[in-house]
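The values are calculated or read from the model by the stated rules, or taken from the named source; none is laboratory data. Worth saying up front: this structure is predicted, and the values here are computed from it rather than measured. Cβ atoms come from the backbone with ideal geometry, glycine included; neighbour counts cover every protein chain shown.
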Amino acid sequence: MGQNLLRVVYPLAGAAIIVIVWDLYVVVARVPLVVFPRPLQVAQALVSYSAILGSEAWVTALECIYGFLLSMAIGIPIAVVMTYSRIVNLMFYPLLVASQSIPKVAIAPILLVWFGTGMQSKLAMAFVIAFFPVVVDTATGLRSTSPELLELARSLQCSRLQTFFKIQLPSALPSIFSGAKIAVTLAVIGAVIGEFIGSNEGLGNLLLTANSQLNSPLVWASLVVLSVLGMMLYGVVVVAEKIFMPWAAFDTGGH
Amino acid sequence: MNASHETDLKGGRSAAPPPFGRLVNVAKTFQSAGQSVPAVKDISFEFRKGDLVSLLGTSGCGKTTVLKMLGGLIHTSGGRIELDGNAITGPYPGVGVVFQAPTLMPWRSVLGNVLFPLEVLGRNGAAAKTRARDILKLVGLAGFGQAYPRQLSGGMQQRVALCRAIIHEPSILLMDEPFGALDELTRLEMNDLLLDIRRVTGATVVFVTHSISEAIYLSDRVLVFSKRPAVIALELAVDFPYPRSSRTRFLNRFTELEEQASIALGVVK
């Protein structure tokens, strides 16, 4: 209990120090508002622009969620096929890895041409960035199934489907979730990149607009909301992990 | 095998049933990096229903390979394996396996793990649950059904693995150094537990171990394997009656059998 409290108290104290140093620096060095607003001004912007921040955050959140779900829905089956078909693996896995050398931001203009300035291009961007770790981690998880468990399945004459759904998929679940945690963070990045390249809504768009209007408190307020959004989405995946893998709470050991 | 047929025909020992399992000149060669590595050559032995036979040998001598071939999990390179009159060519129903590690599914509760074989066989109902609980009780794990494997000690996990291996009433139980990873005291406890289970279920057990005393304590017969490629160096009939107790380990005859096994293994000159 005391330990848990400390884990909250210490980061809060750390954040307080950063905010104080930030405020002192802006005041003492007389940094212009346009360049760097004071923390209080950012807080004020959060309140006074709360309506638009909320509605734009909702748009971005949907882009992230859909992009994330799409990367899971497509990434996991790709991993399954690559794990169970040697030929598909040999043909496409090297290409998949090589394709990751393409800077994803560079694809954004193409996606804009293909999918327009609406939700679809953001979703595509989030997907392109987020699906690779899902594929890699799922494949790793599927391959790491205990050989003894597979032997047990064989001796019980489990069908391929039984072996997959009752043994291999649950074995891979921890890896799938670690991929999902990376993917959900990357989906936020993808959505914002998509909004930067071409969009008329979303937090990324609001941030750009505020920047061009030299409204730095709103820029920073957008940034704060964006990071809170990212943390919330990450938190949802962590909660889902706890629900789907209640056994993971127990340490190995007991010897 | 001719000899046994003759015995049957003559009816010399009317109590002697035909062998339940029979291995005839079984061999296994693995292909590794373009080379043939013989693991087992010319293994022949028989066992009757209800026998507890140990395969004793040093690590890597090929005894696990024999066990896997007996379970239909790997093919033989030569020879023949029969169980209950049928040639073994692949996995077959009615096998229970226990490995050195408990190999439980961490995502399933203890009860869920024990029920797994019945679930695969499509026999999961209320009766299955009752049976699982009864078996857990037999191994001293009553009340642990809802726990996750990771909450249990290594010895307790191996008890769960034992339950999983016998729940579907297999006609043969294949055990691959099941107590090798446990501490000595737990191992002694598990030896007695296995004998209890065998008494209750009447299971036929083929038991792989590298512990001389464990093999002798548990078995009707001990087959001592030579170094790789394995042949049977010695076949020891252990004539202590069941039920055996920890006292059995201190009999002079027990020491004699240990000495014979040690000599056959080459650890005592």
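Looking only at the stretch B:115-129, filter to residues that are in a loop (DSSP other than H, G, I, E, B) and within 14 Å of chain A (Cβ to nearest Cβ); which one of those is modelled with the lowest pLDDT?
Taking the candidates together, the pick is B:ASN124.
Output yes when any residue across the stretch A:209-218 is part of a loop (DSSP other than H, G, I, E, B), assigned by TED's automatic domain parsing to the domain that holds A:ALA51 and in contact with a Lys or Arg (Cβ under 9 Å, 6 or more places away or on another chain), and no when none is. No: the stretch A:209-218 contains no residue that is part of a loop (DSSP other than H, G, I, E, B), assigned by TED's automatic domain parsing to the domain that holds A:ALA51 and in contact with a Lys or Arg (Cβ under 9 Å, 6 or more places away or on another chain).
Just to check your reading of the model, which residue among A:ALA43, A:ALA98 is surrounded by 10 or more Cβ atoms within 10 Å (Cβ to Cβ) and assigned by TED's automatic domain parsing to the domain that holds A:PRO170?
Working: A:ALA98 fails: surrounded by 10 or more Cβ atoms within 10 Å (Cβ to Cβ).
That would be A:ALA43, the only listed residue that is surrounded by 10 or more Cβ atoms within 10 Å (Cβ to Cβ) and assigned by TED's automatic domain parsing to the domain that holds A:PRO170.
Flag: B:GLY155 matches the condition of being more than 19 Å from A:PRO170 (Cβ to Cβ) and crowded, with 20+ Cβ neighbours inside 10 Å. Report whether or not B:ALA101 is of a type outside the set (Lys, Arg) and away from chain A (no Cβ under 14 Å). Spelling it out, it is not the case that B:ALA101 is of a type outside the set (Lys, Arg) and away from chain A (no Cβ under 14 Å). In the stretch A:115-151, the residue that is surrounded by the fewest Cβ atoms within 10 Å (Cβ to Cβ) out of those that are free of Cβ contacts under 8 Å to residues at least 12 places away in the same chain and facing chain B (nearest Cβ under 10 Å) is A:PRO147. Sort out which residues of the stretch A:23-42 are in contact (Cβ under 8 Å) with a residue 12 or more places away in the chain and in a helix (DSSP H, G or I), and write them in order of number. Result: A:ASP23, A:VAL26, A:PRO39, A:LEU40, A:GLN41, A:VAL42. Is there a residue in the stretch B:197-214 that is in the same structural domain as B:GLY21 (by TED's automatic domain parsing), over 20 Å from B:TYR242 (Cβ atoms), surrounded by fewer than 20 Cβ atoms within 10 Å (Cβ to Cβ) and under 19 Å from the mean Cα position of the chain (by Cα)? Yes. Residues that are modelled with pLDDT under 95, out of contact with any helix residue (DSSP H, G or I) (no Cβ under 8 Å at 6 or more places or on another chain) and farther than 27 Å from B:ASP239 by Cα occur at least once in the stretch B:144-151. Criterion applied to A:LEU208, A:LEU214, A:LEU223 was being at positive phi and surrounded by fewer than 19 Cβ atoms within 10 Å (Cβ to Cβ), and the one residue passing it is A:LEU214. Among all residues of the stretch B:73-81, there is at least one that is under 22 Å from B:ILE43 (Cα atoms) and within 12 Å of another protein chain (Cβ to nearest Cβ).
Scanning the stretch B:130-169 for residues that are aliphatic (A, V, I, L, M) and outside any helix (DSSP H, G or I) yields a total of 6. Looking only at the stretch B:146-200, residues that are within 12 Å of chain A (Cβ to nearest Cβ) and under 30 Å from A:ALA249 (Cβ atoms) come to 22 in all.
Results for (1) surrounded by 21 or more Cβ atoms within 10 Å (Cβ to Cβ); (2) touching a Pro at 6+ places or on another chain (Cβ under 9 Å); (3) away from chain A (no Cβ under 14 Å), shown as yes or no for each residue.
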{"site": "B:GLU46", "(1), (2), (3)": "no, yes, yes"}
{"site": "B:LYS49", "(1), (2), (3)": "no, yes, yes"}
{"site": "B:SER59", "(1), (2), (3)": "no, no, yes"}
{"site": "B:ASN86", "(1), (2), (3)": "no, no, yes"}
{"site": "B:GLY94", "(1), (2), (3)": "no, yes, no"}
{"site": "B:SER109", "(1), (2), (3)": "no, yes, no"}
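Yes or no, residue by residue, for (1) without any contact (Cβ under 8 Å) to a residue 40 or more places away in the chain; (2) surrounded by fewer than 17 Cβ atoms within 10 Å (Cβ to Cβ); (3) assigned by TED's automatic domain parsing to the domain that holds A:ALA43:
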| residue | (1), (2), (3) |
| --- | --- |
| A:CYS158 | yes, no, yes |
| A:PRO170 | yes, no, yes |
| A:ALA180 | no, no, yes |
| A:ALA183 | no, no, yes |
| A:GLY190 | no, no, yes |
| A:ILE193 | no, no, yes |
| A:GLY204 | no, no, yes |
| A:PHE244 | no, yes, yes |
| A:ALA248 | no, yes, yes |
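Inspect the stretch A:1-15 for any residue being touching a helix residue (DSSP H, G or I) at 6+ places or on another chain (Cβ under 7 Å) and assigned to a helix (DSSP H, G or I) and give the result as yes or no. No, the stretch A:1-15 has no match at all.
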